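Novice: Input: one structure, supplied below.
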Amino acid sequence: MAKPVIGILTWREGHSFKEPGYFRSLVKEGQKLGATVFIFSHKDAFPDKKQVRGYVPLEKGGWTHRTFPWPDVVIDRCRTAQDGYREFRKQKHFIYANNTFTNKMSATRLFTNNENLIKWIPATVDYSLDNLTRMFKKHTILYIKPGNGTGGKSIVKVSKTKDGYRLLGRTRGYGRRNLLFKDISSLGNWLNRWVQQERIRKGSFMIQQGLDLELIPGHVSDMRLLIQKNENGNWEVTGEGMRIGGVNNPTSNLHGGGRAASVADVLHKRFGVKKTEEIVAECRELAHGIVSAIEKQYGSMLEFGLDIGIDTRGRVWLIEVNPKPGRELFKKMGRSDLYVRAIRRPIQYAMHLKEESVKE
Ligand SMILES: Nc1ncnc2c1ncn2[C@@H]1O[C@H](COP(=O)(O)OP(=O)(O)O)[C@@H](O)[C@H]1O
Ligand SMILES: [Mg+2]
């Protein structure tokens, strides 16, 4: 059978890409697996000629491009939409390994409406001052975050204390905020301005039940679980790790200064070995439930990075589902075995899709 040709669709400006290290590894692992892999942007596809200008890394560093045949399967890894990308993506030019997904708020709604999943979903409502007051009647911590955000940006955590409302925030540039409001109306005034200043593409904000994630006192920490389709087209959890935020940081994201640790490092101390095993098993059950609900609604997918909160009582909660997840956590944990597996799986799955398409 002809060598499978796999294209990675992404953002490109000249010879620069957003995730050059990851793409280098993808092309290299693809070669080892017997596939031709290249990187391209929507501007590089010429449907009339059934050709693509594809980029591949040079041994000595940098990138080169040449003409490739129309790919058998395309993995959409575009995390920043350039002009024309969305329109291009809507057309059915290729067999895509991953369908398009949705934003955080719509995803949360989908899961909340699923009776098997709702137990893992923190209470979430649209941002408004009425909802802020209502949510504080039930919860002592609230998170206010963009319904279409990523990377731990523009997020605030507000905790009700005996002195008032303590707010910790990260701006879109990862600037820090640490403020105390004496009453809810002064907090509300500040938040109303914040959601205007920080909003992304006219998007709105959500208020979410805040989880107590201080498994390590003074630090927010949560789990990142990677679930991927394998070479047989079945979902499999590739691995998980923990991210630990800095002091007075409301988020654990690596880009916002979070550090990596293994699940055992963080959970054993707190819960012991047996309870940790139960927690991890529940996280995996959650992950399988989530991807199956997503595929029912949005079609076939490739991989997801799940942000999972394990609160101080050992309860498991879904915080967020990332459709184009990073793998740096495994590297930072010193788990190069997981890192390599996480790179190979999408290629193996794309090769599986090609085989399936030839059979049809
Ligand atoms: N409801 C919540 N309770 C506790 N911590 C939260 C909550 N929502 C977000 N966080 C913290 O903030 C981080 C970023 O939130 P997330 O919803 O994943 O947004 P982003 O898309 O910016 O990563 C989470 O990984 C977690 O550490
Ligand atoms: Mg996240």
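Novice: Computing the accessible area with a 1.4 Å probe over protein heavy atoms, can you report the carbon and sulfur percentage for the range 1-79?
Specialist: Details: 1870 of 3700 Å².
On the range 1-79, the fraction of accessible area on carbon and sulfur atoms equals 51 percent.
Novice: Across the range 343-355, in residue order, what do the Karplus-derived ³J(HN,Hα) couplings come to in whole Hz, using 6.51 cos²θ - 1.76 cosθ + 1.60 with θ = phi - 60° and x for Gly and Pro?
Specialist: 7, 6, 4, x, 5, 4, 5, 4, 5, 4, 4, 4, 4
Novice: Okay, which of the range 204-222 sit inside 13 Å, backbone N to the point 7 Å along the Cα-Cβ direction of Arg109?
Specialist: 204-206
Novice: Over the chain, what relative contact order in percent results from Cα pairs under 8 Å that are six or more residues apart?
Specialist: Numbers: 670 pairs, mean separation 58.6, N = 360.
Dividing the mean separation by the residue count of the chain yields 16 percent.
Novice: For the range 214-350, what's the relative contact order in percent, using C-alpha pairs closer than 8 Å and at least 6 residues apart? Kindly include the intermediate steps, with their values, before the conclusion.
Specialist: Working: 233 pairs, mean separation 39.2, N = 137.
Over the range 214-350, the number comes to 29 percent.
Novice: With all protein chains present, how much of the accessible area of the range 214-350 (probe radius 1.4 Å) comes from carbon and sulfur, to the nearest whole percent? Intermediate results must be reported in sequence, preceding the final value.
Specialist: Working: 2500 of 5350 Å².
The nonpolar share, carbon plus sulfur, comes to 47 percent.
Novice: How far is helix 129-138 tilted off the main Cα axis of the chain, in degrees rounded to 10, range 0 to 90?
Specialist: 70 degrees
Novice: Hey, rough spin-label estimate for Asp83 and Lys137, points 7 angstrom out along Cα→Cβ, what's it come to in nanometres?
Specialist: In this crude label model, Asp83 to Lys137 measures out at 5.0 nm.
Novice: Shifting gears a bit: For the chain, what does -39500 (n - 2.57) per DSSP helix run (n ≥ 4), summed and divided by total residues, give at 222 nm, in deg cm²/dmol to the nearest 500?
Specialist: On the way: 8 runs with 119 residues, N = 360.
That calculation yields -11000 deg cm²/dmol at 222 nm.
Novice: Further, regarding this structure: If you plug each phi of the range 236-253 into the Karplus form 6.51 cos²θ - 1.76 cosθ + 1.60 with θ = phi - 60°, what whole-Hz ³J(HN,Hα) values come out, in order, with x for Gly and Pro?
Specialist: Values per residue, Gly and Pro as x: 8, 6, 7, x, 8, x, 10, 10, 10, x, x, 4, 6, 9, x, 10, 10, 3 Hz.
Novice: Now, a different point. State the percentage of accessible surface on the range 123-209 attributable to carbon and sulfur atoms; use a 1.4 Å probe and exclude ligands, DNA and RNA. Mind dumping the intermediate values first?
Specialist: On the way: 2190 of 4500 Å².
Here carbon and sulfur together make up 49 percent of the probe-accessible area.
Novice: Another question, then. In Å², and per residue, what accessible area does the chain have when probed at 1.4 Å with the other protein chains present?
Specialist: On the way: 16920 Å² over 360 residues.
I get 47 Å² per residue for the chain.
Novice: What length, rounded to one decimal in nm, is gained on full extension from Glu328 through to Lys32, with 0.36 nm per residue of separation minus their alpha-carbon distance?
Specialist: Values: separation 296, 0.36 × 296 = 106.56 nm, distance 2.13 nm.
Here the answer is 104.4 nm.
Novice: Suppose R0 equals 25 Å. What FRET efficiency, 1/(1 + (r/R0)^6) with r the Cβ-Cβ distance, do Asp337 and Ser300 give to the nearest 0.05?
Specialist: Values: r = 27 Å, r/R0 = 1.09.
It comes to 0.35.
The values are calculated or read from the model by the stated rules, or taken from the named source; none is laboratory data. All values derive from a computational prediction rather than experimental measurement. No Cβ is skipped: glycine too gets one built from the backbone with ideal geometry, and neighbour counts run over all protein chains shown. Remember, those area values only see protein heavy atoms, side chains included, never the ligands or the DNA or RNA. Shrake-Rupley method; radii C 1.70, N 1.55, O 1.52, S 1.80 Å.
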